[in-house]
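Engineer: Dropping a structure here in structure tokens format, bear with me for questions.
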Amino acid sequence: MKGLFDFKEVANYFFRKKDPNRKTSFNLRAMHTINKISMLMFLMAIVYFIIKHW
């Protein structure tokens, strides 16, 4: 049960440093942006439901 609420991986995804050796393209940046937006929306929905049912 403790591992279910471990958001360390999510935090690392949002605040990691860019690798200067990795080649980036528009498609890759767009994919990461969409992933970040969807994770934020999901986390906001979880907080909303917790507050609503508190």
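The values are calculated or read from the model by the stated rules, or taken from the named source; none is laboratory data. This one's a predicted model, so the numbers in the text were calculated from it and none came from an experiment. All Cβ positions, even for glycine, are placed from backbone atoms using ideal geometry, and neighbour counts span all protein chains on display.
Engineer: Need pairs with beta-carbon distance below 7 Å; first residue under 14 Å from residue 11 (Cα atoms) and within the stretch 26-47, second in a helix (DSSP H, G or I) and of a type outside the set (Val, Ile, Thr); sequence gap 6+ or separate chains.
Structural biologist: Within 7 Å, the pairs are 36/14.
Engineer: Let me ask something else. Working carefully through the options 32, 53, find the one that is modelled with pLDDT of 85 or more and surrounded by 10 or more Cβ atoms within 10 Å (Cβ to Cβ).
Structural biologist: After ruling out the rest, the residue left standing is 32.
Engineer: Say whether the condition of being of a type outside the set (Lys, Arg), surrounded by 10 or more Cβ atoms within 10 Å (Cβ to Cβ) and part of a loop (DSSP other than H, G, I, E, B) is met by at least one residue in the stretch 14-28.
Structural biologist: yes
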